[in-house]
2 protein chains.
Amino acid sequence: MLSLTEENYLKAIYHLSDGGSKSVLTNEVADAMSTKPASVTDMVKKLSAKKLITYEKYYGVTITKQGKTDALNIIRKHRLWETFLVQKLNFHWDQVHEVAEQLEHIQSPLLIEKLDEFLNFPVADPHGHPIPDKNGKIHTGQQIPLCEVPGKKTVTVLAVNVKESSSFLQYLSKIGVYIGAKLAILDKAEFDGSIEIMIDGKKKVFVSKEASQNILVTP
Amino acid sequence: MLSLTEENYLKAIYHLSDGGSKSVLTNEVADAMSTKPASVTDMVKKLSAKKLITYEKYYGVTITKQGKTDALNIIRKHRLWETFLVQKLNFHWDQVHEVAEQLEHIQSPLLIEKLDEFLNFPVADPHGHPIPDKNGKIHTGQQIPLCEVPGKKTVTVLAVNVKESSSFLQYLSKIGVYIGAKLAILDKAEFDGSIEIMIDGKKKVFVSKEASQNILVTP
DNA sequence: TAAAAAGTTTAGACGAGTCTAAAAAATTAT
DNA sequence: ATAATTTTTTAGACTCGTCTAAACTTTTTA
């Protein structure tokens, strides 16, 4: 059984390692968790003792099979709760993250099973991120950042990256971008990477490079 | 802002003091919280410093106005979550307590407001206990333990006391007692306090004194 | 009403999680 | 390839919530 803090570290390491595909440095974890490197060192020793990560002094940590499983379970809970908040309680997609950060730590497999059923076994959360199934399997199709779409075609919004800032989500709502929106790429500015798009064939807007990196669309 | 532990102590003190109407001794709190008296002494000093209780050495604690408000807010959350689990997720009434003990600590006034609305502003939880409104007001009609009903009339089940044991709830389900059930009192045994009742005009059973003390009915 | 019992508090310790400051290792720059 | 810089770890300390053992206060009993 993991403590709340251990769960948060494990989840951060999972995300920083891109789902376990690369190793993660102490300072990266410290940044992500808003703690000091010394605290991270202490914690990775504990997670390593529990076989959830492997830790090599001065060279960072790698997540183990079991660590991945545990992390995916937490992420599953987080995304199911976000889905609940938006679909059932009418939260806005920019209001759910902090609450789900708390709810994801509730310990009750039965609760999650029943919540999943209540929500009709959703496959993605309100930001388009896939919800791991109860075995930790993620079903995702191909998706690429808007800024990397070649040429001037029309694409569909599949997901948006959230990080910390709900203000990005508010911005997207304001300009009319949502999961499922159709974006026609009209023009790309070489000098700053900004893109002109037409949203749902109605509204023309410019989005910055920064923004277009965080809008994931059909390839 | 209270810690999880402080919230649990405050809630225990609220319940032990019958909603603030009497003072509570250190040992009673220790029993209720399954800790040692020494730990209670430490904690009541902290809650007292926060003006949630008044503490007089060797003479126990009394809950303050603010303490009552905070305790009622936690109880409100607990009972709303229990209602959610039963009404929306199809939990059984004997499965909800432990999960609600966790959920009651989630910090988000917006969540509770929306949950309340989603549940259609329920006035009682699955065990018949009143849900304080957002101002901490409790709307309860008169209710008395089954064992104290005078004579042999027919009464309606309004609530059941839960304490720790879900086995009492399982027992009640098994014999057919639920919130709203009609109980006709057929006979009372002097020697052991047991009562013979007819449930919903269908099923005759004997219930022990112990059980009849924890079934609350219309007067 | 004095002695015994019961209940409560204090003192000191411990684990979890965090921090700062200093030491050690790795990286980079000259 | 050695010096300077950056990163990481260690050491020691602090808070929170807990404990045991001992001291103290209140209540009960004889």
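The values are calculated or read from the model by the stated rules, or taken from the named source; none is laboratory data. What you are looking at is a predicted structure, and each value in this text was computed from that prediction instead of being measured. Cβ sites come from the backbone with ideal geometry, for glycine too, and all protein chains shown count toward neighbours. Accessible surface areas use protein heavy atoms only, side chains included; no ligands, DNA or RNA. Shrake-Rupley method; radii C 1.70, N 1.55, O 1.52, S 1.80 Å.
Among the listed residues A:ASN73, A:ASN8, identify the single one that is within 14 Å of DNA strand C (Cβ to nearest atom), more than 14 Å from chain B (Cβ to nearest Cβ), within 28 Å of B:ILE112 (Cα to Cα) and touching a residue at least 24 places away in the same chain (Cβ under 8 Å). Explain how you work it out, then say what you get.
Working: A:ASN73 fails: within 14 Å of DNA strand C (Cβ to nearest atom).
So the residue among A:ASN73, A:ASN8 that is within 14 Å of DNA strand C (Cβ to nearest atom), more than 14 Å from chain B (Cβ to nearest Cβ), within 28 Å of B:ILE112 (Cα to Cα) and touching a residue at least 24 places away in the same chain (Cβ under 8 Å) is A:ASN8.
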- line: Of the residues in the range A:8-29, those that are among the aliphatic types (A, V, I, L, M) and within 24 Å of A:LYS77 (Cα to Cα) come to A:LEU10, A:ALA12, A:ILE13, A:LEU16, A:VAL24, A:VAL29
- prompt: Looking at A:THR35, A:THR69, A:THR41, which is the one that is over 28 Å from A:SER166 (Cβ atoms) and within 15 Å of DNA strand D (Cβ to nearest atom)?
  reply: A:THR41
field: Among (1) surrounded by 17 or more Cβ atoms within 10 Å (Cβ to Cβ); (2) among the charged types (D, E, K, R); (3) more than 16 Å from DNA strand D (Cβ to nearest atom) - the single one B:GLU113 does not satisfy
entry: (1)
- request: Kindly list the number of the only condition in (1) within 30 Å of B:GLU113 (Cβ to Cβ); (2) out of contact with any Gly (no Cβ under 7 Å at 6 or more places or on another chain); (3) β-branched (Val, Ile, Thr) that fails for A:VAL155.
  value: (1)
query: Of (1) under 24 Å from the mean Cα position of the chain (by Cα); (2) exposed (fewer than 13 other Cβ atoms within 10 Å of the Cβ), B:LYS204 satisfies all except one. Which?
result: (1)
- request: Could you grab the pairs with beta carbons closer than 8 Å, sequence gap of 6+ or different chains, first residue in the range A:24-41 and on the phi < 0 side of the Ramachandran plot, second one crowded, with 18+ Cβ neighbours inside 10 Å and among the aromatic types (Phe, Trp, Tyr)?
  value: A:VAL29/A:TYR9; A:MET33/A:TYR9; A:VAL40/A:TYR9
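Which of the residues that make up the range A:51-70 are among the basic types (Lys, Arg) and without any contact (Cβ under 8 Å) to a residue 12 or more places away in the chain?
A:LYS57, A:LYS65
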message: Could you list, ordered by first residue, the pairs with Cβ atoms under 6 Å in which the first is in the range B:167-187 and open to solvent by less than 60 Å² (accessible area, probe 1.4 Å) and the second is hydroxyl-bearing (Ser, Thr, Tyr), at least 6 apart or interchain?
response: B:ALA184/B:THR154
statement: Scanning the range A:191-201 for residues that are surrounded by fewer than 16 Cβ atoms within 10 Å (Cβ to Cβ) and closer than 17 Å to A:PRO145 by Cβ gives A:ASP192, A:GLY193, A:GLU196
task: Scan the range B:44-59 for residues that are more than 11 Å from DNA strand D (Cβ to nearest atom) and of a type outside the set (Ser, Thr, Tyr) and jot them down.
output: B:LYS51, B:LEU52, B:ILE53
message: Looking for something in contact with a strand residue (DSSP E or B) (Cβ under 9 Å, 6 or more places away or on another chain) and of a type in the set (Gly, Ala, Ser) - is there at least one such residue anywhere in the range B:125-136?
response: yes
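Identify, please: which residue in the range B:42-66 is outside any helix (DSSP H, G or I) and within 10 Å of DNA strand C (Cβ to nearest atom) and is, among those, nearest to B:GLY136 (Cα to Cα)? It would help to see each step written out before you state the result.
Going residue by residue through the range B:42-66, those that are outside any helix (DSSP H, G or I) are B:50-64.
Subset that is within 10 Å of DNA strand C (Cβ to nearest atom): B:55-61.
On the way: B:TYR55: 23, B:GLU56: 26, B:LYS57: 29, B:TYR58: 30, B:TYR59: 28, B:GLY60: 25, B:VAL61: 21 Å.
Ranking the qualifying residues of the range B:42-66, first place goes to B:VAL61.
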task: Kindly indicate which of A:ILE138, A:ILE131 is within 14 Å of the chain's Cα centre (by Cα), away from chain B (no Cβ under 14 Å) and surrounded by fewer than 18 Cβ atoms within 10 Å (Cβ to Cβ).
output: A:ILE138
query: Which ones in the range B:17-27 are open to solvent by less than 70 Å² (accessible area, probe 1.4 Å) and under 15 Å from B:TYR59 (Cα atoms)?
result: B:SER17, B:SER23, B:VAL24, B:THR26
- request: Hey, can you tell me all the residues within the range B:76-104 that are within 11 Å of chain A (Cβ to nearest Cβ), assigned to a loop (DSSP other than H, G, I, E, B) and either surrounded by 20 or more Cβ atoms within 10 Å (Cβ to Cβ) or free of Cβ contacts under 8 Å to residues at least 40 places away in the same chain (or both)?
  value: B:LYS88, B:LEU89, B:ASN90, B:PHE91, B:GLN95, B:VAL96, B:GLU104
task: Identify, by number, the condition in (1) under 21 Å from the mean Cα position of the chain (by Cα); (2) part of a helix (DSSP H, G or I); (3) of a type in the set (Ser, Thr, Tyr) that A:SER39 doesn't meet.
output: (1)
